[in-house]
């Protein structure tokens, strides 16, 4: 299988996973991207939209392939009105801004992230 972005052959990793992700274009066609290109695409989306869904990895938040990682600056825990725990994280994003992410509950690692107006030091 060949990456539609960089043209390199996609190799299946030793760990779990396929080695690629798919991107659906506006016309409905699909492209296959290697993990490295997926991470580049995700960073571009973060910069242009100011939003991302990442994974909580203890001291970092990361994209699925793990090529895009951000060190957590601060973390807090609280309660959510659904009866779940709420976990908040702050990190320096790819645009040198502080980003805020929220994870709801203990049965997931998904962190819903948004860029703040605050510049990161």
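The values are calculated or read from the model by the stated rules, or taken from the named source; none is laboratory data. No experiment lies behind these values; they were computed from the predicted model shown. As a convention, Cβ positions derive from the backbone with ideal geometry for all residues, glycine included, and neighbour counts pool all protein chains shown.
What the table below lists for this structure:
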read-out	value
Identity of the residue in the range 11-38, in contact (Cβ under 8 Å) with a residue 24 or more places away in the chain and closer than 18 Å to residue 68 by Cβ, that ends up surrounded by the fewest Cβ atoms within 10 Å (Cβ to Cβ)	17
Exclusive hit being surrounded by fewer than 17 Cβ atoms within 10 Å (Cβ to Cβ), at pLDDT below 95 and over 24 Å from residue 4 (Cβ atoms), set 110, 84	84
Test: residue in the range 72-89 that is assigned to a strand (DSSP E or B), touching a strand residue (DSSP E or B) at 6+ places or on another chain (Cβ under 6 Å) and under 30 Å from residue 8 (Cβ atoms)	no
Pairs where the first residue, in the range 94-113, is on the phi > 0 side of the Ramachandran plot and the second is in a loop (DSSP other than H, G, I, E, B) and surrounded by fewer than 15 Cβ atoms within 10 Å (Cβ to Cβ), C-beta under 6 Å, 6+ apart	96/120; 105/84
Of all residues making up the range 93-107, the number that are surrounded by fewer than 17 Cβ atoms within 10 Å (Cβ to Cβ), within 14 Å of the chain's Cα centre (by Cα) and in a strand (DSSP E or B)	1
Residue within the range 47-67 that is surrounded by 15 or more Cβ atoms within 10 Å (Cβ to Cβ), over 27 Å from residue 106 (Cβ atoms) and either touching a residue at least 24 places away in the same chain (Cβ under 8 Å) or in contact with a helix residue (DSSP H, G or I) (Cβ under 9 Å, 6 or more places away or on another chain) (or both) present	yes
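Let's see how each residue does on (1) part of a helix (DSSP H, G or I); (2) within 28 Å of residue 90 (Cβ to Cβ):
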| residue | (1), (2) |
| --- | --- |
| 7 | no, no |
| 38 | yes, yes |
| 42 | yes, yes |
| 47 | yes, yes |
| 53 | no, yes |
